[in-house]
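A short reminder: the numbers here are calculations on the coordinates, not readings from a lab. In this text, all values refer to a predicted model and were calculated from it rather than measured experimentally. A quick note on method: Cβ atoms are made from the backbone with ideal geometry, for glycine too, and the neighbour counts reach across all protein chains shown.
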Amino acid sequence: MLQNYNLLLEFMEVLGKKWIVPLLVFLSLYEKTNFNAIKKRLRLTSRALSKKLKLLEAFGLIEKIIVDNPGKAVYTLSEKGKEISHLLLKFASSFAR
């Protein structure tokens with residue numbers, strides 16, 4: 001029980017970090033997108049975006065997919081990330097009523 005509580009606290013701490021929720025929502029809307037598209041659309045610095053993407057990848061919420069060229073990658077939500085994004089959007093829509 002205590003272990004589950006600690007995992008929940010850690011997860012909530014991650015969700016509370018700046019840009020995490022907008023990144024999850026952005027990826028839920030655009031499905032597969034590259035670093036520069038995210039950076040341009042959300043107006044993040046390269047450093048900040050890189051840190052957030054690595055954090056989301058470490059938690060298993062996104063996947064980095066290398067395409068054709070080793071320097072090219074796209075980001076997409078994992079199944080867990082899709083579930084979380086769906087819950088966040090559902091939660092947000094409950095306030096719009």
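Summary table
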| item | result |
| --- | --- |
| Qualifying residue in region 28-49 (condition: at negative phi and in contact (Cβ under 8 Å) with a residue 60 or more places away in the chain) | yes |
| When residues of region 1-47 are limited to those that are assigned to a helix (DSSP H, G or I) and of a type in the set (D, E, K, R), the one nearest to Val74 (Cα to Cα) | Lys39 |
| Count of region 35-62 residues which are out of contact with any Ser or Thr (no Cβ under 7 Å at 6 or more places or on another chain) and surrounded by 13 or more Cβ atoms within 10 Å (Cβ to Cβ) | 16 |
| Test: residue in region 76-87 that is of a type in the set (Ser, Thr, Tyr), out of contact with any Ser or Thr (no Cβ under 7 Å at 6 or more places or on another chain) and outside any helix (DSSP H, G or I) | yes |
| Residue match in region 54-64 (condition: among the aromatic types (Phe, Trp, Tyr), in a loop (DSSP other than H, G, I, E, B), within 23 Å of His86 (Cα to Cα) and in contact with a helix residue (DSSP H, G or I) (Cβ under 9 Å, 6 or more places away or on another chain)) | yes |
| Complete set of residues in region 68-97 that are surrounded by 10 or more Cβ atoms within 10 Å (Cβ to Cβ), of a type in the set (A, V, I, L, M, F, W, C) and closer than 12 Å to Val25 by Cβ | Leu77, Ile84, Leu87, Leu88, Leu89, Ala92 |
